[in-house]
Amino acid sequence: MGTADARITRLVADLNRYSRLYHEDNVSEIPDQAYDALFRELEDLESANPAFRLPDSPTQRVGGLISSALEPFVHEVPMLSLQNAFSAAELEEFEARVRRHLGGGPAAIAYQIEPKLDGLAMELVYEDGVFVRGGTRGDGQVGENVSHNLRTIPSVPLRLRDAPAGRLSVVGEVLFDLSGFEAMNDRRERDGEKRFENPRNAAAGTMRQLDPKMVQGRPLLFFAHSAGLMPAECMARSQSALVAQFARWGFRVNPLNVVVDSVADVVAAIESLRVQRPGLDYEIDGAVVKVDSFDLQQELGFVTRSPRWAVAYKYPPERVRTVLEGVLFSVGRTGAVTPVACVRPVRVGGVTVSRTTLHNQDELARLDLCVGDTVEVERAGDVIPKVVQVVADADHAHRARVCFPTLCPECGTVLIRDAEEAAIRCPNELGCPAQVRRAIQHFASRLCMDVEGLGEKMVDQLVGAGLVRTPSDVYRLTFEQLLALDRMGKLSAQNLLAGVDASRSRGLDRALMALGIRHVGEATARDLARHFVTLDALLCATVEQLLVVEGIGAIVATSVAEFMARERNQTEVQALRSLGVRFEPIAAPVQAGALVGKVFVLTGTLTALGRDEASRMLEAAGAKVSGSVSKRTSYLVAGAEAGSKLDKARELGVTVLDEAGMLALLAASGGAG
Ligand code: IVH
């Protein structure tokens, strides 16, 4: 602990100094990537040791900083955020607040209503009318410089018409043109590439590309909506006049903006936008209401970073109708059975939904679902879509009602009701193929034994072939057995066995979590391992002894004691042990630098080093090099002709480095440890 404490203090001091030098004196003491790596190390340490988080930690700034190989972009004027309203009543409160602050104000206050464009906010800077740079929002003060990509967007004017001399900046939104987006997706599919899931994320990924050639030709739009830095002589008198000015300069502005002068008309204008929304060729997620007059705006001022003169009205989550085609009952690792609705694929809230959880039997009963029913599906933001209700129709009563099964859909065992958790469970822990698959998947997963090469599909195949029924079977696999499997070559078999071998030394805490003891997650497993130190002490621990461990209550203690007391669990643990799995504390790998804990994926042709050499160097610095991109990838290093891995990384928002960026990171992390 002492070392984490010291390291955190050191990192906070260093990062704050680099950041101050950078922003105030324009001096870069270390490359951005190295800054990033240190920042991430700090985030990791803080989340593992929250008590040591310092109030002046750079991770505590709103929005955080940006991890990227892109240059930072310091905003000319801090970018605003808006307060939200979700109902007509909240809009009325907004108007009442405005009036209160203006001491009553003029008889009629004019408001401009604008569509709230569901894209990415950008600031574009012009000098003597010429576009010089532009960047993303970031934390409002500093974003990422994406000038190279902005230049490729046809609606970003590179030279303004009749612009004033000097520097000015314009704020607006970059977003996909929806018909272009669909066409682009169809083309990608034809070319064997993955379709983008939704326009907003695709736009974010696109704008963060390092190579503008990847951006060119993508159907992106830029709408200008606000002033950044604006010289006094061209400052308009109102928001509506400003937008007209933008149009004269050559910007694309939104044709649906309107000015109204009563709350009733504000509500009506927003309603009108809602009606037009489905026919628009770009996505909007609400409307922005702005006091039109700049004099009044100035009088109203700001509360922290939000202006008092504007509010963002957000539409309620999108709801669409589709048909319930069936309900699946999925059996989880602990045997809990969850109903899953299969619906006719439908787009809602920016994604295509075909399956969605129905949670449990109470929810299933509440919905009163019949196969063939029309149902309403809702999705807001990044939330999991859900079935809200059945649309009543005359045939509902004649359709077959979906009932919770009494037998396990996977193994036919009679299901039991788990009173404690209101769940329905299959009690056939060892024989139910679904539970066996899930238990092994859990065992091999990254936070547990992290068996490289043993992903979900591989587990299904091994369990299906009868080669694996218990975790210990994983360590009994032979090369010949693997080779006999479908689609298994020598190299994959060797790699899998190497992954299995490496997983033997994950240490007591992870091995405990891997066993899948009810209520024992990452933190509990760590507490148990720290307290008991050896497996033998834990195997014979009583509930009373377990309760002594800080953070462990009666439910967990009972669950652990019961697990350890069962003969078959003891046999399995002994089997694992005799197969070389180490149930003992294992020191974390030497903290050799900023790259410990980072996962790299290399793709494309690396010209300076070659992949083997690059892997060796990364590993020597403590990083892990993996073959496939996932959410857990810290960095993708993209060489020439990088393909699908690069796309995937962008889609997932993984930081992409080129070879030079990787070398800079290596150089910096070697010295930073
Ligand atoms: S005015 C940059 N007007 O909504 C702040 N914002 O909640 C400017 N947005 O991130 C605020 N359409 O990017 C404004 N017509 C519009 C907008 C709009 C979309 C976004 C903006 C900001 C967010 C504010």
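Brief remarks on what is shown
- Residue count for the range 91-139, restricted to those that are surrounded by fewer than 15 Cβ atoms within 10 Å (Cβ to Cβ) and touching an Asp or Glu at 6+ places or on another chain (Cβ under 7 Å): 1.
- Within the range 287-325, considering residues that are assigned to a helix (DSSP H, G or I) and surrounded by 17 or more Cβ atoms within 10 Å (Cβ to Cβ), the one nearest to the ligand (Cβ to nearest atom): GLN297
- Evaluating ALA575 against the criteria (1) open to solvent by 50 Å² or more (accessible area, probe 1.4 Å); (2) in contact with a helix residue (DSSP H, G or I) (Cβ under 7 Å, 6 or more places away or on another chain) leaves one unmet condition, (1).
- Positions within the range 640-653 being surrounded by fewer than 23 Cβ atoms within 10 Å (Cβ to Cβ) and at pLDDT 85 or above, in sequence order: SER644, LYS645, ASP647, LYS648
- Among the candidates GLN209, GLN216, residue that is touching a residue at least 60 places away in the same chain (Cβ under 8 Å), under 28 Å from the mean Cα position of the chain (by Cα) and open to solvent by 60 Å² or more (accessible area, probe 1.4 Å): GLN216
- Under the condition of being part of a helix (DSSP H, G or I), farther than 25 Å from LEU168 by Cα and within 16 Å of the ligand (Cβ to nearest atom), the residues counted in the range 246-282 number 8.
- Criterion violated by LEU242 - all others in (1) away from the ligand (no atom under 14 Å from the Cβ); (2) crowded, with 19+ Cβ neighbours inside 10 Å satisfied: (1)
- Scanning the range 106-117 for residues that are within 34 Å of the chain's Cα centre (by Cα), within 24 Å of LEU70 (Cβ to Cβ) and modelled with pLDDT of 95 or more turns up at least one hit.
- Residue among VAL451, VAL463, VAL468 that alone is open to solvent by less than 50 Å² (accessible area, probe 1.4 Å), in a helix (DSSP H, G or I) and either touching a residue at least 40 places away in the same chain (Cβ under 8 Å) or within 18 Å of ALA514 (Cα to Cα) (or both): VAL463
- Within the range 471-496, the set of residues being surrounded by 13 or more Cβ atoms within 10 Å (Cβ to Cβ) and part of a loop (DSSP other than H, G, I, E, B) comprises TYR475, ARG476, LEU477, LEU485, MET488.
- Subset of the range 178-206 that is under 22 Å from the mean Cα position of the chain (by Cα) and of a type in the set (Lys, Arg) - its residue that is modelled with the highest pLDDT: ARG200
- Each residue in the range 594-641 was checked for being of a type in the set (D, E, K, R) and either in contact (Cβ under 8 Å) with a residue 40 or more places away in the chain or in contact with a His (Cβ under 9 Å, 6 or more places away or on another chain) (or both), and 2 of them qualify.
- Cβ-Cβ distances below 8 Å connect the following pairs, each with a first residue in the range 75-90 that is farther than 11 Å from SER306 by Cβ and open to solvent by less than 60 Å² (accessible area, probe 1.4 Å), a second residue that is assigned to a helix (DSSP H, G or I) and away from the ligand (no atom under 12 Å from the Cβ), and a separation of six or more residues or different chains: ALA85/LEU91; ALA85/GLU93; ALA85/PHE94; ALA88/VAL267.
- Of all residues in the range 255-268 being closer than 15 Å to PHE86 by Cα and in contact (Cβ under 8 Å) with a residue 40 or more places away in the chain, the one that is most open to solvent (accessible area, probe 1.4 Å): VAL267
- Residues in the range 249-271 that are touching a Leu at 6+ places or on another chain (Cβ under 9 Å) and not aliphatic (A, V, I, L, M): TRP249, GLY250, PHE251, ARG252, ASN254.
- Hits in the range 230-239 (condition: closer than 19 Å to GLU299 by Cα and either more than 13 Å from the ligand (Cβ to nearest atom) or exposed (fewer than 15 other Cβ atoms within 10 Å of the Cβ) (or both)): MET230, ALA232, MET235, ALA236, ARG237, SER238
- Odd one out for GLU189 among (1) within 29 Å of ARG248 (Cβ to Cβ); (2) assigned to a helix (DSSP H, G or I): (1)
- Contact map, the range 169-181: residues that are touching a residue at least 24 places away in the same chain (Cβ under 8 Å) paired with residues that are open to solvent by 20 Å² or more (accessible area, probe 1.4 Å) and more than 16 Å from the ligand (Cβ to nearest atom), Cβ distance under 8 Å, separation 6+ or inter-chain. Pairs shown: PHE176/ARG218; PHE176/PRO219; ASP177/PRO219; SER179/PRO219; GLY180/ARG218; GLY180/PRO219; PHE181/PHE196; PHE181/PRO219.
The values are calculated or read from the model by the stated rules, or taken from the named source; none is laboratory data. This structure is a prediction, so every number in the text was calculated from the model and none was measured. Every residue, glycine among them, receives a Cβ derived from its backbone with ideal geometry; neighbour counts consider all protein chains shown. The protein model used for the area step is the full one, side chains on, heavy atoms only, and it has no ligands, DNA or RNA in it. Shrake-Rupley method; radii C 1.70, N 1.55, O 1.52, S 1.80 Å.
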